[in-house]
Amino acid sequence: MKKTLVLVTLFVLPIVIYLFFASGITNFGKLATLTENVSEIDFTAKDVSLAGKITVLGFLGKDVESKKGNAFNLNQKIYKRFNEFNDFQFVMVMPKGTEQGVEELKKELEQLADVGKWNFVYGDEDEINALFGSLKTNLSLDGNLSTPFVFIIDKDRVLRGRDDDEDEDEGVKYGFDTSSVADLNNKMEDDIKIILAEYRMALKKNNADRPK
């Protein structure tokens with residue numbers, strides 16, 4: 001009897017524990033769907049779109065200088081960790097007339113990382129407001145058409161986030177505050193890991209389901 005108990009403890013119990021945690025990880029990997037049918041970026045001549053990409057979407061506004069700190073936080077805490085993943089991009093929606101300020105910002109960011117997946121697109125006030133409105137969040141743009149918050153958009157143009165966040169009203173977290181290193185480190189980084197893992201698992205499943 002004692003030998004049986006020892007064998008169970010040494011061999012069977014570790015397997016059960018492993019399967020429990022492995023199952024937990026598999027079931028965990030989904031971000032909440034918050035808003036479907038986010039508007040496509042159709043007001044720019046650049047070859048930039050939301051469809052088919054995992055996108056970090058931001059609105060830096062007219063005063064680029066005042067948002068440099070936000071951009072640097074985002075670059076260091078999120079972009080540098082994930083920019084090598086395929087189908088991952090940053091899209092910053094800018095008011096027309098900010099092109100010179102953006103070029104200066106890009107030069108400063110280039111000193112820290114390859115900015116190949118930082119995309120800046122330009123629109124007028126109505127176009128920017130319409131895109132932001134399609135997110136259907138509890139947030140708003142300020143008078144400069146900016147917000148410190150950025151948003152995770154999946155390949156199907158769906159806004160993804162949290163519907164059980166302990167720090168948000170009604171538990172819904174639509175975006176991540178780029179002025180808060182803690183928010184980027186403790187929440188956004190985790191959520192991007194989840195959505196990347198979600199797509200990796202879906203790809204593996206599709207490959208496994210293909211006929212040999």
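Observations on the model:
- Across the stretch 51-63, the qualifying residues are those that are touching a helix residue (DSSP H, G or I) at 6+ places or on another chain (Cβ under 9 Å) and farther than 13 Å from Trp118 by Cβ, and the one among them that is most open to solvent (accessible area, probe 1.4 Å) is Lys62.
- Residues that are more than 18 Å from Val115 (Cβ to Cβ) and in contact with a helix residue (DSSP H, G or I) (Cβ under 6 Å, 6 or more places away or on another chain) within the stretch 64-80 are absent altogether.
- Any chance Ala202 is part of a helix (DSSP H, G or I), modelled with pLDDT of 90 or more and either more than 25 Å from Gly69 (Cβ to Cβ) or of a type in the set (S, T, N, Q) (or both): no
- Of the residues making up the stretch 98-143, those that are open to solvent by 70 Å² or more (accessible area, probe 1.4 Å) and touching a strand residue (DSSP E or B) at 6+ places or on another chain (Cβ under 8 Å) number 4.
- Residues being open to solvent by 10 Å² or more (accessible area, probe 1.4 Å) and at pLDDT 95 or above - total across the stretch 79-97: 3
- Scan of the stretch 163-174 for residues that are surrounded by fewer than 19 Cβ atoms within 10 Å (Cβ to Cβ) and at negative phi, ordered by number: Asp163, Asp164, Asp165, Glu166, Asp167, Glu168, Asp169, Val172
The values are calculated or read from the model by the stated rules, or taken from the named source; none is laboratory data. The model shown is predicted, which means the values in this text are computed figures rather than measured ones. Cβ: placed from backbone, ideal geometry, glycine included. Neighbour counts: every protein chain shown. Just the protein is used for accessible areas: all its heavy atoms, side chains included, with ligands, DNA and RNA removed. Shrake-Rupley method; radii C 1.70, N 1.55, O 1.52, S 1.80 Å.
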